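A quick write-up on the structure given underneath.
Since every read-out is calculated from the coordinates, none of them should be taken as a lab result. Keep in mind it's a predicted model, so treat the numbers as computed, not measured. Every residue, glycine among them, receives a Cβ derived from its backbone with ideal geometry; neighbour counts consider all protein chains shown.
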Amino acid sequence: MDGIRVIGGKPLNGRVKVSGAKNAALPIMCATLLSDGESHLRNVPALRDIDTAAELLGVIGREVEPSPPRVRVGTGDVIPEAPYDVVKKMRASIMVLGPLVARYGRAKVSLPGGCQIGARPVDQHLRGLEALGAKIKLEHGYIYAEAGRLQGAEVVFDMPTVTGTENIMMAAALAKGRTTLVNCAREPEIVEMARVLNKMGAKVSGAGTAVMHIEGQDELHPFDHAIMPDRIEAGTYLVAAAAAGGEVTVENVPVESLEAVIVKLRAAGVILEPSGNDVVVAREGRLRSVDITTSPHPGFPTDMQAQLMTLMCMAEGTSTIKETVFENRFMHVPELVRMGADIETQGHNTAFVRGVERMTGASVMATDLRASASLVIAGLMAEGETIVRRVYHLDRGYEHIEEKLNGIGADVVRIHSLGP
Ligand code: EPZ
């Protein structure tokens, strides 16, 4: 497996550009199943997850041309089935379920297993489809769904679920009549999905709020869409620049969807100056500790928790970090402690980070996508060499991360076949 070697202690300077949003591109690639004809996606990031989504659409029978930043999805003879050996690579594969049932009246989709950060059940996806009239059966690790024409209904989510909301939005867009979704996720990626569904001829209103209305259509048409910038990648580079010191211009930052992160970074003493679509980030002296509690949008995003925890490792004072979205998202903690961080966890969702003045490079293990980014950031902060192992996690969500970091003065090298 590949690793990444980071030589720490170098301030970052220069310009880095944010790519298209992974968590918008993935559901939108699934939305191509809702219509025949050729759909074109632009500003798509070159990531493993995008490759996996393209592989899945190919297995289902669509003709796919994944050449990021462009992805073209053509027609084909669809078999509405998503096999385990593809779904196990990417949980977001569950988002073909809604479109397949809505369009073809049936679907066989492997249950996505849990993952490092939690059990991540899909009960809300299944209940939503049942509310729209689908018959759901779970057998041999697969979801079997059947429906005649889905019927619009009222769906109340037990909790805001991002991909759950997206799955049901896509299904409702082809259901007969009006669907009301209550307690929806409000992430910017939900609003992006609504933009695309409306381009396809659906009538979605209320996206970005807790209640959405969708007028189902008999047919939807293909679309051409440029994917919005990735707010989590953007936030990760803002933190990396603040962690390493120096002055960096991060280009293409969706500032309006990063408010919670920007407020917390400023409270810690990070200098952030938006200019158009860019943000100039700098740090003068030692940062102050701030407390973080993750929550669904517009709260502080769970996907930025590991990065902020890393930044707090060398801040003045003690930072309390609470993870309320996933049950096991502190796996970066023991790795940061090996680098000299002073972190104590209480239960599985609270961490106390006492700022230290010095961290030292070490060999550390990446465990999930955002934890691996936080370990690279720790490597930028630490003295000496850090080797982050199992960086396939990083490749799922960060386009060309070595080039981007080296482009602003870091010293990051990929090491091939490093072993487990
Ligand atoms: C999406 O995952 C993102 N992935 C995740 O990003 C992100 O961390 C997460 O939303 C939260 O923002 C994509 O968009 C592809 P949820 P998702 O359903 O939709 C519980 C990354 O780093 N839940 O919003 O799977 C669930 O267990 C990834 O890019 C149920 O109980 O997350 C969790 O506690 C990691 N039943 C909470 O809801 C369900 O049916 C929120 O999960 C669905 C969810």
Can you sort Asp218, Asp368, Asp342 by how many other beta carbons sit within 10 Å, fewest first? Asp218, Asp342, Asp368
Residue-averaged 222 nm ellipticity for the chain, from DSSP H runs of 4+ at -39500 (n - 2.57), nearest 500: -9000 deg cm²/dmol
Projecting each Cα onto the charge dipole of region 300-406 (Lys/Arg +1, Asp/Glu -1 at the beta carbon, about the Cα centre), which of Gly317, Phe352, Leu375 comes out farthest on the positive side? Phe352
With R₀ set to 30 angstrom, the calculated FRET efficiency between the beta-carbons of Thr75 and Arg15, to the nearest 0.05, is 0.15
Computed over all unlike Cα pairs, the Kirkwood hydrodynamic radius of region 298-341 in Å stands at 11.3 Å
What is the distance in Å between the Cα centroid of region 222-246 and that of region 248-284? 11 Å
Using alpha carbon centers only, region 336-408 is separated from region 291-311 by a whole-angstrom value of 15 Å
Cα-centre dipole for region 311-358 with unit charges at Cβ (Lys and Arg positive, Asp and Glu negative), debye to 20: 40 debye
Write down the percent of antiparallel bridges among all DSSP beta bridges whose residues are both part of the chain, to the nearest 5. 70 percent
When you count, for each residue, the other Cβ atoms within 10 Å and take the mean per peptide, how do 369-378, 101-110, 199-208 rank with the highest first? 369-378, 101-110, 199-208
Let me check against my output: what whole-number percent is the relative contact order of the chain, with C-alpha pairs under 8 Å and at least 6 apart? 22 percent
Value of relative contact order over region 44-109, rounded to a whole percent, pairs C-alpha under 8 Å and six or more apart: 28 percent
Suppose R0 equals 35 Å. What FRET efficiency, 1/(1 + (r/R0)^6) with r the Cβ-Cβ distance, do Arg178 and Asp2 give to the nearest 0.05? 0.10
Could you list His332, His140, His213 in order of exposure, starting from the residue whose Cβ has the fewest other Cβ atoms within 10 Å? His140, His213, His332
DSSP loop trypsin sites (Lys or Arg not before Pro) in region 325-362 with at most 15 other Cβ atoms within 10 Å of their Cβ, which ones? Arg358
Can you flag which of Lys199/Lys404; Lys89/Lys135; Lys88/Lys264 are past 31 Å Cα-Cα? Lys199/Lys404; Lys88/Lys264
Net charge dipole size for the chain [Lys, Arg +1 and Asp, Glu -1 on Cβ; Debye, nearest 20]: 300 debye
For the chain, divide the Cα radius of gyration by the Kirkwood radius and give the resulting Rg/Rh value with two decimals. 0.98
Using Cβ contacts closer than 10 Å as the measure, can you line up Thr294, Thr165 from fewest to most? Thr294, Thr165
Loop trypsin sites (Lys or Arg not before Pro), region 229-324 (other Cβ atoms within 10 Å of the site Cβ: 14 or fewer; DSSP): Arg286
Quick one, could you list the DSSP H helices from the chain stretching 15 Å or more along their long axis (Cα atoms) with average Kyte-Doolittle hydropathy of 0.5 or above? 48-60, 162-173, 231-244, 369-381
